[in-house]
Amino acid sequence: MFKPRWYQQEACDAFWQFVETNHDASRNPVLVLPTGTGKSVIIAFIIQHAVESWHGVKVLMLTHVGELVKQNAGKLSSIWPEADIGICSATLGHKDTDNSIIFGNVQSVAPLLKRDPNIFGQRNLIIIDECHMLSEDDNSQYRQVIAALKKLRPQMRILGLSATPYRMKGGYLTEQKNAVFTDIAYDLNSQFERLIEEGYLSPVTTEWTKPHVDLSGVGTRAGDYKLDELQKACGDEAMLQNALVEVVKRSAGRRAWIVFIAGIENCNKCAQMLRDMSINAYAVNSSFTADENAEKIEGFRKGEIRCLVSADQLTTGFDVPQVDLIAMLRPTKSPGLYVQMVGRGLRPAEGKKDCLVLDFARNIERLGPINAPFIRARNDAAKKSSDKKQQAPVKVCPGCNKYIPVQATECPHCGQKLERNLELELKAGVLIERTFGHQAKAGRKIATVISVDYTKYKSSSGNVSFCAVYTCIVAGKKRTLKKWFTFNQKSTSIGYKEAVKAWRELNSNPYRVVPTSVDEAYQRANELKKPLGLEFIPRNFYFGSKFDEITEFLFNETTETTTARSA
């Protein structure tokens with residue numbers, strides 16, 4: 001008897017719990033599981049439970065790739081041999097319509113429904129594998145199928161499964177206009193490291209590469225790089241030669257490679273260049289017949305071919321666990337495509353230690369780690385804001401050239417000690433605060449300083465002061481704190497004396513003569529040190545207080561501090 005893995009059972013339970021607690025048929029969940037975790041098993045157990053538990057239940061499982069239809073149907077058949085299974089896929093040579101369980105290509109199902117809306121009868125459940133393929137377009141084939149079957153049975157529920165529940169232009173599927181999927185019922189991506197530790201996924205090691213695709217002349221269309229310009233950039237002879245030489249150099253002990261590149265011509269050229277380097281490599285792309293591509297994939301699966309070079313192929317429905325080297329020469333702004341490319345190396349296999357990813361496309365730096373890629377916001381205003389701030393939360397270890405988390409202070413691969421760069425972390429959206437061993441006094445808070453800017457400030461009453469503007473993190477949120485230096489006041493005033501005191505505490509040479517005016521202070525701002533932290537009294541703590549008041553500058557992550565008072 002087949003027993004599901006713990007997370008496969010959790011995913012099934014999450015779906016049924018969602019259905020039982022959300023009776024509204026317009027509420028449809030998505031189950032999110034990384035590539036290689038066995039979504040076909042989850043589909044099989046959900047179908048079996050539905051059909052065995054309720055008399056007359058009929059299910060339609062849809063996807064866009066014939067190979068996935070075959071895999072999913074085969075998995076259900078192996079788990080539940082008595083199941084009444086039909087196949088509706090021109091690719092596989094079947095057009096079954098009457099079985100209680102139909103596995104089909106949406107490209108085959110949609111035209112049949114258009115000719116005869118009753119051909120599949122009433123269906124209680126639609127399951128969509130790789131549901132990120134469902135677009136917002138009401139004229140798309142998925143939407144047409146859903147609309148036709150909903151007319152026959154308005155109570156019909158829809159379940160989606162995907163490793164990447166988002167689209168290039170639409171953000172998360174649950175944010176789409178007239179969204180079919182309304183909720184994420186289960187998300188296994190948060191357990192990515194556990195899956196690796198328990199052997200359900202292969203570790204991935206990602207290394208920085210010196211050769212890379214130059215995108216300086218490549219524009220954007222529909223949210224991703226213009227394909228014609230991208231193909232030209234990817235076909236640069238010198239870059240391609242250097243990149244493939246580096247692939248071969250770093251391939252020691254690697255037995256199954258995939259190279260992703262843009263453009264059929266580049267794909268064929270790349271395969272030939274590798275063969276010229278004595279690597280048994282073949283191109284897989286749409287210039288070859290389906291049978292020719294299938295023959296090469298089968299040779300790769302058997303170990304007869306060492307490397308496949310792909311132009312927009314092999315990203316879904318491709319299951320070869322022994323893949324242990326992926327070279328990305330295909331830049332993209334699409335997190336879905338990026339995750340699908342790297343996902344080809346996630347399946348574990350006997351004798352496979354890990355999968356090496358060589359990123360000549362700089363996709364990792366652009367989009368982040370595979371288990372937490374950057375997803376553009378749904379609405380236009382948020383898109384502009386997120387695009388402006390976007391920076392992937394990774395950096396390169398100078399010791400071993402591997403990509404590591406941006407906030408790491410020690411490389412997990414080679415052990416090299418690293419300096420923190422809080423400005424980089426803030427851009428990456430990693431809001432990690434320093435600890436100073438400093439106990440804030442009652443009513444005060446501690447801020448971690450990210451950056452500082454200097455300006456001249458004129459109040460509503462006309463008083464001019466020199467101002468230090470600190471961008472900080474306080475309790476996990478961004479906050480701006482200001483320190484005013486009133487050098488234009490009389491030398492006997494309290495404001496001037498406190499400005500002198502704070503200047504000396506911040507100055508790299510505290511014995512140097514202090515400025516005599518605001519203009520001079522502004523010109524000499526480069527003399528001031530940036531504190532690592534600040535202690536401050538929040539605005540409105542005292543009655544009538546309009547501004548945060550900085551009370552101490554913190555210069556290191558121990559108990560050493562200096563004191564300042566705000567003018």
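Which of 397, 270, 307 has the fewest other C-beta atoms within 10 Å, and how do the rest follow up to the most?
Ordered by Cβ neighbours within 10 Å, fewest first: 397, 307, 270.
For residue 302, list the lysines whose Cα falls under 17 Å from its own Cα; do not include residues on the same chain fewer than 8 positions away.
Partners within reach: 352.
Tell me, what is the FRET efficiency for residue 214 and residue 517 to the nearest 0.05, using R0 = 56 angstrom and their Cβ-Cβ distance as r?
0.70
So how far, in whole Å, is the C-alpha centre of region 125-145 from the one of region 2-77?
The two parts, judged by their Cα centres, are 16 Å apart.
Just check region 240-306 against the gyration tensor rule for me: Cα atoms, a ≥ b ≥ c as the square roots of the eigenvalues, rounded for a/c under 1.5, and otherwise prolate or oblate depending on whether a/b exceeds b/c. Could you put the intermediate results ahead of the total?
On the way: a/c = 2.31, a/b = 1.24, b/c = 1.86.
In terms of gyration-tensor shape, oblate.
Which of the residue pairs 456/529; 501/546; 39/249; 249/296; 150/226; 150/333 have a Cα-Cα distance greater than 27 Å in the structure shown?
39/249; 150/226; 150/333
Suppose we keep just the DSSP beta bridges with both residues in region 202-376; what percent of those would be antiparallel, to 5?
Counting DSSP beta bridges with both partners in region 202-376, the antiparallel share is about 10 percent.
Whose amide H sits under 5 Å from the amide H of residue 205, counting only residues 5 or more places off or on another chain, with H placed in the peptide plane?
355, 356, 357
How long is the gain from residue 17 to residue 5 if the chain were fully straight, where each residue apart is worth 0.36 nm and the alpha carbon distance is subtracted?
Working it through step by step, the gained length comes to 2.5 nm.
Could you pull out every Cys in the chain that lacks a partner Cys with its beta carbon under 4.7 Å away?
By the Cβ distance rule, which asks for a partner under 4.7 Å, the isolated cysteines are 12, 88, 131, 234, 267, 270, 307, 355, 467, 472.
Considering only DSSP beta bridges with both partners in the chain, what is the antiparallel share in %, to the nearest 5?
Bridges in the chain that DSSP calls antiparallel: roughly 50 percent.
Grab the beta carbon distance between residue 25 and residue 194, set R0 = 25 Å, and tell me the FRET efficiency rounded to 0.05. Walk me through the numbers before you get to the answer.
On the way: r = 34 Å, r/R0 = 1.37.
Result of the calculation: an efficiency of 0.15.
Is region 94-150 best put as rounded, prolate or oblate by its Cα gyration tensor, with a ≥ b ≥ c the root eigenvalues, rounded for a/c under 1.5, and otherwise prolate when a/b is larger than b/c, oblate when not?
prolate
For residue 58, which aspartates and glutamates qualify as cross-link partners when the Cα separation must be under 13 Å and same-chain residues fewer than eight apart are set aside?
Leaving aside aspartates and glutamates fewer than 8 places away in the same chain, those within reach of residue 58 are 84, 98.
Counting only GluC sites (Glu not before Pro) that sit in a DSSP loop (anything but H, G, I, E, B) with at most 11 other Cβ atoms within 10 Å, what is the longest stretch of the chain containing none of them?
Here the longest segment lacking exposed loop sites spans 83-303.
Let me know the shape class of region 445-563, please: from the alpha-carbon gyration tensor, a ≥ b ≥ c as square roots of the eigenvalues, rounded when a/c is under 1.5, otherwise prolate if a/b is greater than b/c, or oblate.
Because a/c hits 1.5 or more and a/b fails to exceed b/c, region 445-563 counts as oblate.
What distance in nm separates the simple spin-label points at residue 107 and residue 509, each placed 7 Å from Cα in the Cβ direction?
7.3
List the trypsin sites (Lys or Arg not before Pro) in region 275-353 that DSSP assigns to loop (not H, G, I, E or B) and whose Cβ has at most 13 other Cβ atoms within 10 Å. Which are they?
Passing sites in region 275-353 are 302, 353.
Here, each number is a calculation from the coordinates, and none is a lab measurement. Remember, it's a predicted structure, so these values are computed and weren't measured experimentally. Quick reminder, even Gly has a Cβ in these numbers, built from the backbone with ideal geometry, and neighbours come from all protein chains shown.
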